[in-house]
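Engineer: Here it is: the structure, laid out below.
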Amino acid sequence: MKTRFAPSPTGLMHFGNLRTALFSFLLAKQQGGKFVLRIEDTDLVRSEAQYEVALKEDLYWAGITWQEEAKQSDRLDIYAKCYAELIDKKIAYPCFCSDQQLAIERKLQLSQGKPPRYKGTCRNLTAEQIAEKKTAGLEPALRFNVSKVLADGEWLEFIDLIKGKQKFLSKDLGDFIIQRQTGDVTFMFSNSIDDADMGITHALRGEDHLTNTPRQLLILRALGLEIKAPQYGHFSLINGSDGAKLSKRNGSEAVRDLKQQGYHPLALANYFARLGHTIAKQNFLTMDELAANFSLDNIGTSSSTYDKMHLQHWQKEAILHASNDEIWHMIDVKVKDLVPQDKQAEFVSIAKENILMPSEANALATMFFAEQLDYTEENKGIIKAAGKDFFEHAISFISANQDKTFTFQELADYIKNQTGCKGKQLFLPLRVCLTNQLAGPEMAKFINIMPKEILSLRFNTCLGFN
Ligand code: GLU
């Protein structure tokens, strides 16, 4: 088993690419096979080195690692040989039709309700006609003559790993371009040759490539390489929440944006491995477990919908499953500075239970350890309503218990006995004074992480408001 991810470095990695890479990676991993990264950079105008770097960084971050790597711009000699072979076999012919001419042809066919197919204008040019056009300075593209490989009326059939049996008629394929006028290699050509040449056994990709497959199989047939063609599997695309194709407008983001927001790579893996692919186990899985639970049979044929809430569910799980060390590493340096050394372990345990994103640890650390809180007017009002007494008693309780640990309940009971405050009157000013929040994690759980000096400071500040 050998699978591959073959991105074109023309942009940042988005969800569709990530899922394609992940499925191919998991399939190879499960079977103890190899996973290849192939950079498809033959479109020289749109490919950029920075995107190649970014793709690799993002894959690596996502936990998707590869055993072999190739780049199409290093393999141009191979494609050149294949062009020569097809020209020699008279399966490829030069086409001088201009873009403008082709666009008019396409429009006409569409207006007649016909699928746009090349009419064959240049298919039977004589050697003299070709020489004449070249002398006139026209640069040809290279077209693949379908009828030389697949007779009229003949079907090209293949079994798609996901969609099952597929068949296409020769006349529906139309002669297609395999080398651009500029000399650039088309995706269709290099992609099929590389899959065969690299021994790829399973090529998984989005269904937008389904109609390329018969053409790619014909290229391989013409080169005597059909025997080495991979089995193709095309899965349905990801839709946005509104049902339309996923785009920025309906939720799509670059993988690195999610990374920057603080998503855990295993949150992405758990989410995307289940998008369009059913995993019976509902619990959080490691990459090895995801691979063990991967099956081509469980890839659905209907389109899937991106749902951020589900991604967040797996983020919560990923945070809960991460080691304390890992969480500590995810946290901002500024936050770390606030946390006293002897409180680090406890802080991470509390944070793990209470945050979705590492950035939220910031608010938590401020709440526990910052010397001053920036109380809102509303909160100041609650503090003032509690009155001077309330905070004086709180301060006495802290001084009396300087060397002891105490529970939140003991602190609350003391104030209650001294002031007669109870229920909301008791608990709200306490919470607001200590945290500057109207709601939040259970006070009883974190009172002991707050240094006594900070507790005194907070009560003194609140006393000052009265
Ligand atoms: N370079 C192609 C793309 O990014 C690869 C398609 C494939 O996986 O075969 O769409």
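Coordinate-derived values only; no laboratory data. If you're wondering where the values come from, they're calculated on a predicted model, not measured in any experiment. Here the Cβ is made from the backbone with ideal geometry for all residues, glycine too, and neighbour counts use every protein chain on show.
Engineer: By how many degrees, 0 to 90 and rounded to 10, does the Cα axis of helix 344-354 deviate from the longest principal axis of the chain?
Structural biologist: Taking Cα atoms only, the helix is inclined about 70 degrees.
Engineer: Still on this model: Ignoring solvent entirely, what values of log10 I(q)/I(0) come out of the Debye formula for segment 172-295 at 0.10, 0.23 Å⁻¹ when each Cα is a single scatterer?
Structural biologist: Calculated log10 I(q)/I(0) at the listed q: -0.48, -1.25.
Engineer: How big is the charge dipole of segment 115-179 about its Cα centre, in debye rounded to the nearest 20, if each Lys and Arg gets +1 on its Cβ and each Asp and Glu gets -1 on its Cβ?
Structural biologist: Using Cβ point charges on Lys, Arg, Asp and Glu, segment 115-179 gives about 120 debye.
Engineer: How tilted is helix 212-222 with respect to the longest principal axis of the chain? Cα atoms for both, answer in degrees (0 to 90, nearest 10).
Structural biologist: It works out to around 40 degrees.
Engineer: Follow-up question, since we're still on this one. At 7 Å along the Cα-to-beta-carbon direction for both Ile227 and Asn417, put a label point, then send me their distance in nm to one decimal.
Structural biologist: So the label points at Ile227 and Asn417 sit 9.2 nm apart.
Engineer: At R0 = 22 Å, how high is the FRET efficiency between Gln100 and Leu76 if r is their beta carbon distance? Nearest 0.05 is fine.
Structural biologist: In this case the efficiency is close to 0.15.
Engineer: Along the positive direction of the dipole of the chain (beta-carbon charges: Lys, Arg +1; Asp, Glu -1; about the Cα centre), which of Ser170, Gly153, Leu86 reaches farthest?
Structural biologist: Of the listed residues, the answer is Gly153.
Engineer: Put +1 on the Cβ of every Lys and Arg and -1 on every Asp and Glu Cβ in the chain; which of Ala222, Gly206, Ser241 then has its Cα farthest towards the positive end of the dipole?
Structural biologist: Ala222
Engineer: Which length gain, in nm to one decimal place, applies between Gln129 and Ala49 when the Cα-Cα distance is subtracted from 0.36 nm times their residue separation?
Structural biologist: That works out to 24.7 nm of additional length.
Engineer: Hey, fewest Cβ within 10 Å first, where do Met13, Met309 land in order? Display every interim value, and only then the final one.
Structural biologist: Working: Met13 24, Met309 7.
The order, fewest Cβ neighbours first, is Met309, Met13.
Engineer: Related question: Ratio of segment 271-389's C-alpha Rg to 2.2 N^0.38 Å, to two decimals?
Structural biologist: Rg over 2.2 N^0.38 Å, computed on Cα atoms: 1.51.
Engineer: State the answer as a single residue: which of Ala28, Asn324, Ala386 lies farthest towards the positive end of the charge dipole of the chain, with beta carbon charges of +1 for Lys and Arg and -1 for Asp and Glu, about the Cα centre.
Structural biologist: After comparing all options, I get Ala28.
Engineer: Any idea what the dipole of segment 397-440 comes to, in debye rounded to 20, about its Cα centre with Lys/Arg Cβ at +1 and Asp/Glu Cβ at -1?
Structural biologist: Using only the charged Cβ atoms, the result is roughly 200 debye.
Engineer: Looking at the square roots a ≥ b ≥ c of the eigenvalues of the Cα gyration tensor of segment 1-84, which shape do they give, rounded for a/c under 1.5, prolate if a/b is larger than b/c, or oblate?
Structural biologist: Working: a/c = 2.42, a/b = 1.29, b/c = 1.87.
Verdict is oblate for segment 1-84.
Engineer: Per residue, what volume in Å³ does the convex hull of the Cα atoms of segment 357-466 enclose?
Structural biologist: Details: hull volume 10.6 nm³, N = 110.
Taking the convex hull of the Cα positions in segment 357-466, it is 96 Å³ per residue.
Engineer: Based on the Kirkwood radius over alpha-carbon pairs, what is the Stokes-Einstein translational diffusion coefficient of segment 115-255 at 37 °C with 0.692 mPa s viscosity, in µm²/s?
Structural biologist: Once the numbers are plugged in, D ends up at 190 µm²/s.
Engineer: In percent, what relative contact order does segment 110-218 have, based on Cα pairs under 8 Å that are 6 or more apart in sequence?
Structural biologist: 25
Engineer: About the Cα centre of segment 1-52, what is the dipole size in debye to 20, counting +1 per Lys and Arg Cβ and -1 per Asp and Glu Cβ, all else neutral?
Structural biologist: My answer is approximately 400 debye.
Engineer: Next question. In percent, what relative contact order does the chain have, based on Cα pairs under 8 Å that are 6 or more apart in sequence?
Structural biologist: About 13 percent, as a whole number.
Engineer: A further question on this structure: From the Cα gyration tensor of segment 81-159, with a ≥ b ≥ c the square roots of its eigenvalues, which class applies: rounded if a/c is under 1.5, or else prolate if a/b is larger than b/c, or else oblate?
Structural biologist: Because a/c hits 1.5 or more and a/b fails to exceed b/c, segment 81-159 counts as oblate.
Engineer: Return the loop-located GluC sites (Glu not before Pro) in segment 393-466 (DSSP other than H, G, I, E, B) with at most 14 other Cβ atoms within 10 Å of their own Cβ; answer none if there are none.
Structural biologist: Here the GluC sites (Glu not before Pro) that fit, given the DSSP loop and packing criteria, are Glu442.
Engineer: Given a cut-off of 18 Å, name the pairs among Lys71/Lys228; Lys56/Lys259; Lys380/Lys452; Lys352/Lys404; Lys380/Lys424; Lys163/Lys308 whose C-alpha atoms lie farther apart than that in the structure shown.
Structural biologist: From the list (Lys71/Lys228; Lys56/Lys259; Lys380/Lys452; Lys352/Lys404; Lys380/Lys424; Lys163/Lys308), the Cα-Cα distance tops 18 Å for Lys71/Lys228; Lys380/Lys452; Lys352/Lys404; Lys163/Lys308.
Engineer: Would you mind checking the tilt of helix 76-88 against the longest principal axis of the Cα atoms of the chain, expressed as 0 to 90 degrees and rounded to 10?
Structural biologist: Long axis of 76-88 versus the principal axis of the chain: about 30 degrees.
Engineer: Let me ask another. May I ask you to derive the relative contact order of segment 211-307, considering only C-alpha pairs under 8 Å and at least 6 residues apart, and to give it as an integer percent?
Structural biologist: 34 percent.
Engineer: Where the Cα atoms of the chain are projected onto their three principal axes, how long is each span, largest first, in whole Å?
Structural biologist: Computed over the chain, the largest-to-smallest principal extents equal 107, 44, 38 Å.
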